[in-house]
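Structure record follows, encoded as C-alpha cells.
The values are calculated or read from the model by the stated rules, or taken from the named source; none is laboratory data. None of the values given here were measured: they were computed from a predicted structure. Heads up, the Cβs are rebuilt from the backbone with ideal geometry, glycines too, and the neighbour counts pull from every protein chain shown. Surface accessibility is based on the protein's heavy atoms, side chains included, excluding ligands, DNA and RNA. Shrake-Rupley method; radii C 1.70, N 1.55, O 1.52, S 1.80 Å.
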Amino acid sequence: MKRRAFLCGSGAAMAAGAGGLGVGLAWPQLGQAAALSHDLTIQPARYALRDGVMTDGLVSLSADAPPPVIRGKKGVPLRLNVTNAMPDYTAMHWHGLRIPNGMDGVPYLTQFPIAEGETFAYEFTPPDAGTYWYHPHCMTMSQMAHGLTGVMVIDEESDPGFDGDEVVNLRDFRLQEDGSFLPYFTPRGAARSGTFGNVQTANWLQQPVYDHPAGGLVRLRVVNTDTTRIYKLVLSGAEAKIIAWDGHPTRVDVPMPTADDPMLLGPGQRADLAVRMPSGEGQQVDLLAQLPGYVTKPMASLRAIGADLNRSLSDLAPLEENPVNLPNLDQAELHEFVFGWTPEGDAPNDGLCGTLGYSFWSINRTPWAGDAAENVGPLATLERGKSYVLRLRNESPNLHPIHLHGLVFVPLKSNQRDLPPLLTDTMLLLKDEVIDIALVADNPGDWAFHCHVIEHQKTGLAGYIRVT
Ligand code: C2O
Ligand code: CU
Ligand code: CU
C-alpha cells in the first residue's frame, strides 16, 4: 500500500463564478419548500444482470428494475413511505444522513421490524446535501445480496453549476452461469474478508455508457453499495477532481487516483467527482476498477456528445458547505475500539431480522449479541454537544470499513498513511491500521456502529454508540 500524499491546498483558491455560462441543469427553485414524498415498496424482482440471462429472486423497489435513485433536497422535508411486500421482515436505513434517531431504520434499536404488508413512514429533513444511499438493516445480508441497495441524492440549495449528473452504483452479485443465485455467503468468507460476488455491475448493468455534452462538466457520483468488495478505482480519459467524499464537500485538495495509487472505496463509501468531458464528440471517459488477478475492467463510461461546451473545471465554485460541527480537540475525551476475531461462540440473536448462524468477529473483544438481544449496552456513551476522539484499531489482517450512523466524523491520523481531513461516516481500516477520528456528539440517540462488510457485521462486528 502506497502512502497517498496529502496536499493541504485551499478550496478558496478555486475560481468562483459558475453558472455564468447558462448551461446548468434545470434547478428546482426554492421558496415553496413543500415536502417531497416517495412511496417505496420492497418486493421481489427479476432482471437480466448478465446480458440476456434473466436472474430471478432479486429484491428491489419495483418488479423489473434496480432500486431507483431517490432525490431529496437539503432542508426540505422528505417523506419515504416504505411498504414491505416481501414475506421477510425488513427496515430501511438511510446511510450517512444525520436525521433523528427514530428514522434511522435499525431494528430493535430505533424501530420494530416492518412485517409483510405493513408500511413505515420515514419522515425527516435532510440537513446535508450530497451523495448518500439506502439499504435494509433487517434481513440485511440476504436483501442486500439480492439487490436492495440504492443511491440517495440530496440536492444543494443552490445550483452547483454542472451540465450533467450521473450516479454509478457499484455492486456485485453471486451468480451461476444460468443467472440464478449462488449461496449469498460462505462461512469461510464471513470469517475472512467476506464472500465476493462474481458479476460486477454498475446500476445493475454491464459497462453502461452515459451521454453527456462534449466539453461539459459532469458530476459523477460513485457509490460502493456492495456487501463485501473494496473497489479500487481509476478514472481515465478526462480531467477531473474529487469534490465530495461520503456526502460532504472536500475542504482540501485530494489527489486524483492513478493506476499505481487507485482510489479505495469500501462498502458504504461515496466519491463525487467533477469530470470535464472531452471536447471531441464520441470520446469516452472510463471508470476503471482494478480487480484481483491484474484485471482492469471499465465499470461505466461517459461519452461526449454534441458541440463542445468548452467549460473548465475552474468554472466550478466550491460546493456549498454542510452544517457540520467540527470537533474541538483540546477537550476531546478518548474512546478506544478494537476490531478483531472472536472465538466461535453463540450466533447473534437478530430476532426477526435473519442471522447468518455464526459469530466470528468482535468489537472490544465482544461479539455483538444481536439486534434483538436483551440488555446489550452501548460500546460508549457520549455526552451531547461534546467533542470526542475515537481510536479505531484493526487487530485483524482483513480490511474493515467502519461505519457510524447519525454522526459525521473527521479522521485525525493513522499509523500507516496520511489521511486528508475529509468529513465522513465510514472509515476504511487497512490491515493492522490504527486511526483516530474525531466528532462532535451532536445528534442524540443510539447509533449503530459496525463494519460495512455485511458478513462481518452480521457475525459479530457490530454495536452501538449512545449520545445522551
Ligand atoms: Cu449503511 Cu448500518 O449501515
Ligand atoms: Cu448508516
Ligand atoms: Cu469488517
Discussion item. Apply the a/c threshold of 1.5 to the C-alpha gyration tensor of the stretch 100-248 and tell me whether it is rounded, prolate or oblate.
Written reply: oblate
Response to the item:
Expressed as a whole-number percentage, the relative contact order of the chain with C-alpha contacts under 8 angstrom and at least six residues apart is 16 percent
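Contour minus end-to-end for F112 and A307, with contour as 0.36 nm per residue of separation and end-to-end as the Cα-Cα distance?
So the extension gain works out to 64.8 nm.
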Practice prompt. Evaluate the distance, in nm, between pseudo-label points positioned 7 Å from the Cα of A259 and of A48 along their respective Cα→Cβ axes.
Written response: 3.3 nm
Discussion item. Which of rounded, prolate or oblate describes the stretch 263-377 when judged by the alpha-carbon gyration tensor and an a/c cut-off of 1.5?
Written reply: prolate
Item to complete: Give a residue-ordered list of calculated ³J(HN,Hα) values for the stretch 441-448 (Karplus: 6.51 cos²θ - 1.76 cosθ + 1.60, θ = phi - 60°; whole Hz; x for Gly, Pro).
Response: 7, 9, 10, x, x, 9, 10, 4
Response to the item:
Neighbours of P401 by Cβ distance under 11 Å: Lys/Arg at +1, Asp/Glu at -1, summed charge -2
Discussion item. Run the numbers for E320 and A121: contour at 0.36 nm per residue of separation, minus the present Cα-Cα distance, in nm.
Written reply: 68.7 nm
Item to complete: For the chain, give the magnitude of the charge dipole about the Cα centre (Cβ charges: +1 Lys/Arg, -1 Asp/Glu; no others), in debye to the nearest 20.
Response: 780 debye
Response to the item:
Relative contact order in percent for the stretch 208-311 (Cα pairs under 8 Å, 6+ apart) equals 42 percent
Response to the item:
Rounded to a whole %, the carbon-and-sulfur portion of the accessible area of the stretch 412-468 at a 1.4 Å probe is 51 percent
Discussion item. With +1 on the Cβ of every Lys and Arg and -1 on the Cβ of every Asp and Glu, and nothing else charged, how large is the dipole of the stretch 300-434 about its Cα centre, in debye rounded to the nearest 20?
Written reply: 280 debye
Discussion item. For a protection proxy built on the mean count of beta-carbon atoms within 10 angstrom, sort 337-345, 149-157, 374-382 highest first, please.
Written reply: 149-157, 337-345, 374-382
Worksheet entry | Amide H within-cut-off set for E239, under 5 Å, with H built and near neighbours excluded | R276
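What net charge do the residues around M54 carry, taking every other residue with its C-beta under 12 Å from that of M54, with Lys and Arg at +1 and Asp and Glu at -1? Please report the intermediate quantities before stating the final value.
Working: positive: R46, R50; negative: D51, D56, D64, D178.
Net local charge, M54 excluded: -2.
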Discussion item. Net charge around H95, counting only other residues with Cβ within less than 14 Å of its Cβ (Lys, Arg = +1; Asp, Glu = -1)?
Written reply: -1
Fill in: Packing rank of 359-365, 104-110, 278-284, where each peptide gets the mean count of other beta carbons within 10 Å, highest leading
104-110, 359-365, 278-284
Practice prompt. Normalising by the residue count of the stretch 385-437, find the relative contact order in percent from Cα pairs under 8 Å and 6+ residues apart.
Written response: 51 percent
Worksheet item: Antiparallel DSSP bridges in the chain: what percent, to the nearest 5?
Response: 70 percent
Worksheet item: Given labels modelled 7 Å from the Cα in the Cβ direction, how far is it in nm from V209 to L334?
Response: 5.5 nm
Fill in: For the chain: rounded, prolate or oblate by the Cα gyration tensor [a/c cutoff 1.5]
rounded
